[in-house]
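The values are calculated or read from the model by the stated rules, or taken from the named source; none is laboratory data. Note that the coordinates shown come from a computational prediction; the quantities given were computed from them, not determined experimentally. For the accessible areas, the whole protein counts, side chains as well, though only heavy atoms, and no ligand, DNA or RNA atoms are used. Shrake-Rupley method; radii C 1.70, N 1.55, O 1.52, S 1.80 Å.
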Amino acid sequence: DVMENLADAENLLELFALIRKIKIPVIAAVHGRALAGGCGLSTACDIVLATGSARFGYPEVKIGFVAAMVMAILRRNLP
């Protein structure tokens, strides 16, 4: 329901904020697919180690959703 979605979004926001506050580098290790929330989580990290088979993406845009939670992170981390 709406309240569960709101709680999930708040938890994800709290996680992203925590990653930014940590004084040491946060590293994502990706093997396989990092899609939607997984891609956002890896984007929020300072370093991403990925295998050749790793795939990243925001498939929600295909159904009309904007990856709004990670847009600020994308702008900061990606040229």
Pop out the carbon and sulfur fraction of the accessible area of the chain as a percent, whole number, probe 1.4 Å. 65 percent
Scan the chain and note any complete DSSP helix (H) whose C-alpha atoms cover at least 18 Å along its axis and whose Kyte-Doolittle average is -0.5 or more. 2-21
Heavy-atom accessible area per residue, region 2-75, 1.4 Å probe: how many Å²? 72 Å²
Other-chain or far-sequence residues with amide H under 5 Å of residue 33's (modelled H): 55
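May I ask you to give the average projected area over all directions of the convex hull of the Cα atoms of region 2-75, in nm² rounded to one decimal?
Average of the hull's projected areas for region 2-75 equals 5.5 nm².
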Can you sort 2, 26, 61 by 1.4 Å-probe accessible area, starting with the largest? 2, 61, 26
